[in-house]
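The numbers here are math on the coordinates, done by the rules we state, and not lab data. Only a predicted model underlies this, so the values are computations on that prediction, with no experimental measurement involved. No Cβ is skipped: glycine too gets one built from the backbone with ideal geometry, and neighbour counts run over all protein chains shown.
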Amino acid sequence: MKYPTIALIAHDGKKPAMVSFVLKHKEILRHCKLYATGTTGSHIAHEDIEVERLLSGPMGGDAQIAALVATGDIDIVIFFRDPMDKHPHEPDVQMLMRICDVHNVPLATNPKAAEYVLLGATE
């Protein structure tokens, strides 16, 4: 089985949910190539999970992940967005979502959707 390459992103209010998700699925994710935006990646790496950290989202990390999606280097994007907060880099977020749609890359924006996508991709 080929395990997917996954991008992990979480807004500040959703970082605990991302860490919880990663720990719950650690046995699967340890076989996957993981990319993450800066701070999210720090939280994941702190749990002793190998992850390639990119820039933080507002500093261009969302755009870096979008570029990886566009070049076919990312199979799944898991982006726990916080719908209850404002984000100054919202145009980057919208661009990333559009790129996922353009390139037919699954995008999960909450833990339940992420679980379904991850388990479906690794069956």
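Laid out as a table, the results:
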quantity	calculated
Region 82-123: number of residues that are in contact with a helix residue (DSSP H, G or I) (Cβ under 7 Å, 6 or more places away or on another chain) and either of a type in the set (D, E, K, R) or without any contact (Cβ under 8 Å) to a residue 12 or more places away in the chain (or both)	3
Unique match (being surrounded by 15 or more Cβ atoms within 10 Å (Cβ to Cβ), among the acidic types (Asp, Glu) and within 15 Å of the chain's Cα centre (by Cα)) among 73, 92	92
Condition check for residue 114: touching a His at 6+ places or on another chain (Cβ under 9 Å), among the small types (Gly, Ala, Ser) and over 18 Å from residue 15 (Cβ atoms)	no
Region 83-123, residues that are of a type in the set (Val, Ile, Thr) and not in a helix (DSSP H, G or I)	105, 109, 122
